[in-house]
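K.L.:
I have a structure here, written as structure tokens, and I will follow up with some questions on it.
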Amino acid sequence: MATLTPELYDVIVRIVDDKVKDIKVTREEFDKLAAVVGQLAQRIDQLAEAQRRTEERLNQLAERVDQLAARVDQLAEAQRRTEERLDRLTDRVDKLAEAVGVLNKSVSSLGETIGFGLEDIARVVLPGWLHRHLGVEMGELERRFLRIGGREYEVNLYGEGSIGGRRVVIIAESKSRIHASDVERFNELLSGARESMDGAEVIGVVFGYVIYPDAKERAQKLGIHAVASYER
């Protein structure tokens, strides 16, 4: 049997060492690869979990969108019903306005009828009242148009008479209810009439069923006589 020479032994040892080194390098690379694969697997699991959560959020969002769409449909239906009610209410308001217009015309006609009736009462009551309270001798009261300041004004009650031989003109206005504002307007007419009566004294009278306290007070301050239909 041949014996190993020292030189041959060294060669064999070097060859074996090289092979062991090759095997060690390969093992280290394998371990690294295994670690990388493990990390990739973990990352894939993380991505899968993130995908799952994303899908859950998308499902929740889709559910909310469906709920909002249903709510929009409900609001649209409520709006439709509201518009229908508004249309019906508008129709009722229009009918009510029409009825009020008819009523106003009826009241206006009634007011004119009452007004003329009140004038008839004034024609009977005022001459006696003026005679008893102011000493006026006069004829009948009548409607008349007066030209004042270049314009014509219709006067409810007009009459001429005298007080102790002094010529006077009676201008009266009849109205169912007399307020202070009515007295103010009548006073403006009297102011113009006094300037067109050729020096005759003008006696102003407001005559009505109801004369409010403020109207009576204002008439007294302006020198206008306020006479209620029940006064004598």
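K.L.:
Based on the Kirkwood radius over alpha-carbon pairs, what value in µm²/s does the Stokes-Einstein equation return for the translational diffusion coefficient of region 119-228 at 25 °C and 0.890 mPa s? Walk me through the intermediate numbers first.
P.N.:
Numbers: Rh = 13.9 Å.
Translational D for this selection: 176 µm²/s.
K.L.:
List the residues whose amide H sits under 5 Å from the amide H of Glu173, counting only those 5 or more places along or on another chain, with H placed 1.01 Å from N in the peptide plane.
P.N.:
It is Val205, Val206, Phe207, by chain and number.
A short reminder: the numbers here are calculations on the coordinates, not readings from a lab. Keep in mind that this is a model prediction, so the values were computed, not measured.
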